[in-house]
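See below for the structure under consideration.
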Amino acid sequence: MPDLHDLDHFDQGLPRMDTLPASEIRRRGDRLRRRRTALATAGGVLAAAVAIGTPVLALAGDGPGRGTEPSFATQPATTQPATTTPRTEPAGGWTTTVRDDFPLTAGFADEQARTSHSLDGDPAVPAGCQTSFDGYTDSLVATYQGTDSEDRGVRILAVYPDAAAAENQLAAVRSAVEACEPRKLNQGTTMVHGLVGDVGLGTEEAFAVTEQVQHDDGLLSDLSISVIGRTGNAVYVDYSFGSAGGDQVSTAEIARLVATSAEPVAALCTFSVDGC
């Protein structure tokens, strides 16, 4: 252990430093405290001036009835040009019910098919993949079933509170199909979905959705297809199912559904902004 006396000569070679007397240390401390007190007092006065000045500016005016906004007497008053909002709904309001004589079955596979106001959420329509219709105020449905299970048709007219609600419904269907992943069925088969852009239905917006079975050898079968259109606050769907599938069948079936839907699509003017 080193001897403590070894530190006696530790300061050899260093410049000499004289310690200030105690009275000088106290004097310098008092001067520093006085300077800090003066700065704090000045800061408090400045803060008070800002706090008082702000409401004075905000409430400044020319007498009774002044508002809470600052008054700028030197600025001339300006008149904003009147703005017009485009008419987005019919003058008499949206038609939110479907009359029984709406020509839903005109051009349908069974034009004598009975119609119903009950749309109970058929999982196959518009095209599987968790797509469904919600929030409608009224609906009209017609169903056709052929002699075998490979020939089926459904038509739907769903009416919403306004055009925005109908548009949102179509957007939800489109998004659901776009996000739908292929689903494995039995060994060697997969359920796949597709979305076809504007199909020329004659409505304000329209598209088609497909659901079919893809086999491992590339064959496509069991095609469900829906042509969907919106005019105003009404959504129209023409759905069919058949055993054949593939692009050529899909294209031909879309064209057929569009052509046979001419009369009910024309009657959708009832639900448009301009009417019929």
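The values are calculated or read from the model by the stated rules, or taken from the named source; none is laboratory data. Remember, it's a predicted structure, so these values are computed and weren't measured experimentally. Note that we place each Cβ from the backbone using ideal geometry, even for glycine, and neighbour counts take in every protein chain shown.
If the condition is being out of contact with any Gly (no Cβ under 8 Å at 6 or more places or on another chain) and within 15 Å of residue 154 (Cα to Cα), then segment 238-276 contributes 242, 254, 256, 257. Filtered by the rule that a residue be of a type in the set (S, T, N, Q) and buried (at least 22 other Cβ atoms within 10 Å of the Cβ), segment 225-276 gives 226, 231, 233, 261.
Just so you know, in segment 168-224 the residues that are surrounded by fewer than 17 Cβ atoms within 10 Å (Cβ to Cβ), assigned to a helix (DSSP H, G or I) and among the aliphatic types (A, V, I, L, M) include one that is modelled with the lowest pLDDT, and it is 172.
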